[in-house]
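Enquirer: The structure under discussion is supplied below as structure tokens; questions concerning it will follow.
The values are calculated or read from the model by the stated rules, or taken from the named source; none is laboratory data. All of these numbers come straight from a predicted model, not from anything done at the bench. No Cβ is skipped: glycine too gets one built from the backbone with ideal geometry, and neighbour counts run over all protein chains shown. The accessibility values were calculated without ligands, DNA or RNA, using every heavy atom of the protein model including side chains. Shrake-Rupley method; radii C 1.70, N 1.55, O 1.52, S 1.80 Å.
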Amino acid sequence: MPKLTEAESNNAIADRLPAMTPMGQPLDWAWLRGAPSEWGVRPKPSARGLTMSDIAIGTYGEVPEQAQRRSMAGRGSTVEGDAPDMGYILNKKSDVWSDNVRELYEEAVARQWSATRDIPWNELPELPSDIEHAVCQVFTTLAEIEMIAADLPAKWMWRMNHDYLEAKMFLCTQIMDEARHTEVFRKRALSNGGGLLYSRSSGESLLRSILEAKTYTQATALLHLLGEGFILDIFRMGELIAPSHVEKKIFRMAMQDEARHVAYGTMHLRYAVENDPDVAEEIHEALDHGELLLTTFGTNADFGSALAYLLGGGEEHIEDKGFPLQMEMQRHQFTSYLSRCERAGISRLERTKLPLDLLGIDVSKIRGTSATAA
Ligand SMILES: [Fe+2]
Ligand SMILES: [Fe+2]
């Protein structure tokens, strides 16, 4: 007897199987007979294991520019009948995608950490009361603003077409990261004999306008590119802000997470502008508004003064060290923000209302920043 092919053998099994359940319900063995979807793919695990990039092979790796349906069916599966419309409004790849999103997802999963376990809480030194107050004010503000970066992706994720699941999966990791940042900052404020201090309306106004952005791309410009970029630069100054090795570690751990969020936003905007040049103006409008709000937030008396106090190491050096270091930090924040805009393909140099001269920003170093990492 000639040897049956795999499909013939499976069909023969399906033919022999009962057509009804013992309760008289019809049975469907279509899955055994195969489907038009691609069969027999065998991705090779890379050195790190089986990554999302490894399984993006054949038709499974083809991310459509325009999604054809609005269901939760996995990209590449055989979709039958009329699946209900999930109400997705972000149905174009350029609405949500970034070319680094699979890599960023893998990195995020590999680098999860625990605010409970990975911070040496029992090594916190007793600090002078004024320094502890400054630390608590900084972490009060940070704990407050972190959750915007979870709420905002959450607000848009259920509107994203499921064909772009890697982008949604990455945003899930961001939400977890932000929960951990809120946790670690709140824990630090409460862990050394201090507590939570002031929340002011300027911070809340900034958060509200991010949350209320009209489109996801505007939202990501305000959140990932502008807001989180600024926070990332504060974390990068963590070595100078932190009074002990415990806060230094907190800033270091949060920094690596934040860098991923900024990298996604920068590359998403780049992808959006390259594929749909019309969105550039919409991004500029959001940033016109966002820069103004951020400048107001930057003058937030509590957060700013507490940071300067820590940068100066206390009262004695607030003027000769604290404020100058804070100015340097601001210069750095605005320089890296404007460079990120260049990389994203939305140069702000001709458009921004930021007082570049006053901030001491060297525009020649920013112009034409290369299109590589964020
Ligand atoms: Fe964060
Ligand atoms: Fe973040």
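Enquirer: Would you kindly derive the ³J(HN,Hα) couplings of segment 182-189 from the backbone phi angles with the Karplus curve 6.51 cos²θ - 1.76 cosθ + 1.60 (θ = phi - 60°), listing them in order in whole Hz, with x for Gly and Pro?
Expert: 4, 4, 5, 6, 5, 4, 5, 4
Enquirer: Scan segment 67-163 for GluC sites (Glu not before Pro) in coil per DSSP, keeping those whose Cβ has at most 14 other Cβ atoms within 10 Å, and list them by number.
Expert: In loop regions of segment 67-163 (DSSP not H, G, I, E or B), the sparsely surrounded GluC sites (Glu not before Pro) are Glu80, Glu126.
Enquirer: Beyond 26 Å between alpha-carbons counts as too far, so tell me which of Lys248/Lys321; Lys214/Lys353; Lys155/Lys248; Lys214/Lys365; Lys92/Lys155 fall in that bin.
Expert: Lys155/Lys248; Lys214/Lys365
Enquirer: Give the calculated FRET efficiency between Arg16 and Thr59 to the nearest 0.05, with a Förster radius of 51 Å applied to their Cβ-Cβ distance.
Expert: FRET efficiency, Arg16 to Thr59: 0.95.
Enquirer: Please give the contour-minus-distance gain from Val363 to Val41: 0.36 nm per residue of separation, less the Cα-Cα distance, rounded to one decimal in nm.
Expert: 110.9 nm
Enquirer: Hey, how many Å between the Cα centroid of segment 97-140 and the Cα centroid of segment 151-180?
Expert: The distance from the Cα centre of segment 97-140 to that of segment 151-180 comes to 20 Å.
Enquirer: In square angstrom, what is the accessible area per residue of the chain with a 1.4 angstrom probe? Write down the numbers at each step before the final one.
Expert: Numbers: 18820 Å² over 374 residues.
With the other protein chains kept in place, the chain gives 50 Å² per residue.
Enquirer: Tell me the trypsin sites (Lys or Arg not before Pro) within segment 56-116 that lie in a loop according to DSSP and have at most 13 other beta-carbon atoms within 10 Å.
Expert: Working: sites: Arg69, Arg70, Arg75, Lys92, Lys93, Arg102, Arg111; in loops: Arg69, Arg70, Arg75, Arg111.
Hits after loop and neighbour filter: Arg111.
Enquirer: Show me the chymotrypsin sites (Phe, Trp or Tyr not before Pro) within segment 1-61 that DSSP assigns to loop and that have at most 16 other Cβ atoms within 10 Å of their Cβ.
Expert: Sparse-neighbourhood loop chymotrypsin sites (Phe, Trp or Tyr not before Pro): Trp29, Trp39.
Enquirer: Right, another one. Please compute the net charge surrounding Ser244, taking Lys and Arg as +1 and Asp and Glu as -1 over other residues with Cβ under 12 Å from its Cβ.
Expert: Numbers: positive: Arg188, Lys248, Lys249; negative: Glu123, Glu126, Glu132, Glu239, Glu247.
It works out to a net charge of -2.
Enquirer: Might you report the magnitude of the Cβ-based charge dipole of the chain about its Cα centre, with Lys and Arg at +1 and Asp and Glu at -1, to the nearest 20 debye?
Expert: It comes to approximately 820 debye.
Enquirer: On the accessible surface of segment 34-131, probed at 1.4 Å, how many percent belong to carbon and sulfur atoms?
Expert: Values: 3180 of 6200 Å².
Reported share for carbon and sulfur atoms: 51 percent.
Enquirer: Between Gly345, Gly34, Gly290, find the one with the highest GNM mean-square fluctuation for the chain; connect C-alpha pairs within less than 10 Å.
Expert: Highest fluctuation of the listed residues: Gly34.
Enquirer: Taking the 0 to 90 degree range and rounding to the nearest ten, how far is the long axis of helix 245-275 tilted relative to the main principal axis of the chain, both from C-alpha atoms?
Expert: Its long axis makes an angle of about 60 degrees.
Enquirer: Hey, in the GNM for the chain with a 10 angstrom Cα cutoff, which one of Gly49, Gly194, Gly265 fluctuates hardest?
Expert: Gly49
Enquirer: Okay, next question. Just to confirm the number: angle between the C-alpha axis of helix 148-157 and the first principal axis of the chain, 0 to 90 degrees, nearest 10?
Expert: Taking the Cα atoms of the chain, the angle to 148-157 is about 20 degrees.
Enquirer: Next question, about the same structure. Per the 1.4 Å probe, what fraction of the accessible area of segment 165-237, in percent, lies on carbon and sulfur atoms?
Expert: 59 percent
Enquirer: Now a separate question. What 222 nm value per residue comes from the helices of the chain, counting each DSSP H run with n ≥ 4 as -39,500 (n - 2.57) and dividing by all residues, nearest 500 deg cm²/dmol? Before the final figure, lay out each step's value.
Expert: Numbers: 17 runs with 205 residues, N = 374.
So the calculated ellipticity at 222 nm is -17000 deg cm²/dmol.
Enquirer: Also, quick follow-up: Using θ = phi - 60° and the Karplus form 6.51 cos²θ - 1.76 cosθ + 1.60, what ³J(HN,Hα) does each residue of segment 328-338 get, whole Hz, x for Gly and Pro?
Expert: Once rounded to whole Hz, the list reads 5, 4, 4, 4, 5, 4, 6, 5, 6, 4, 5.
Enquirer: Compute the helix-to-body angle for 201-211: its Cα long axis versus the longest principal axis of the chain, expressed 0 to 90° and rounded to tens.
Expert: 20 degrees
Enquirer: Give me the percent of the accessible area of segment 242-374 that comes from carbon and sulfur atoms, probe 1.4 Å, all protein chains in place. If you can, show how the numbers build up before the last one.
Expert: Numbers: 3250 of 5930 Å².
Here it works out to 55 percent.
Enquirer: Divide the volume of the convex hull of the Cα atoms of the chain by its number of residues and quote the answer in cubic angstrom per residue.
Expert: Dividing the Cα hull volume of the chain by its residues yields 194 Å³.
Enquirer: Of the residues Arg343, Arg186, Arg208, which exhibits the maximal mean-square fluctuation in a Gaussian network model of the chain defined by a 10 Å Cα contact cut-off?
Expert: Answer for the Gaussian network model of the chain: Arg208.
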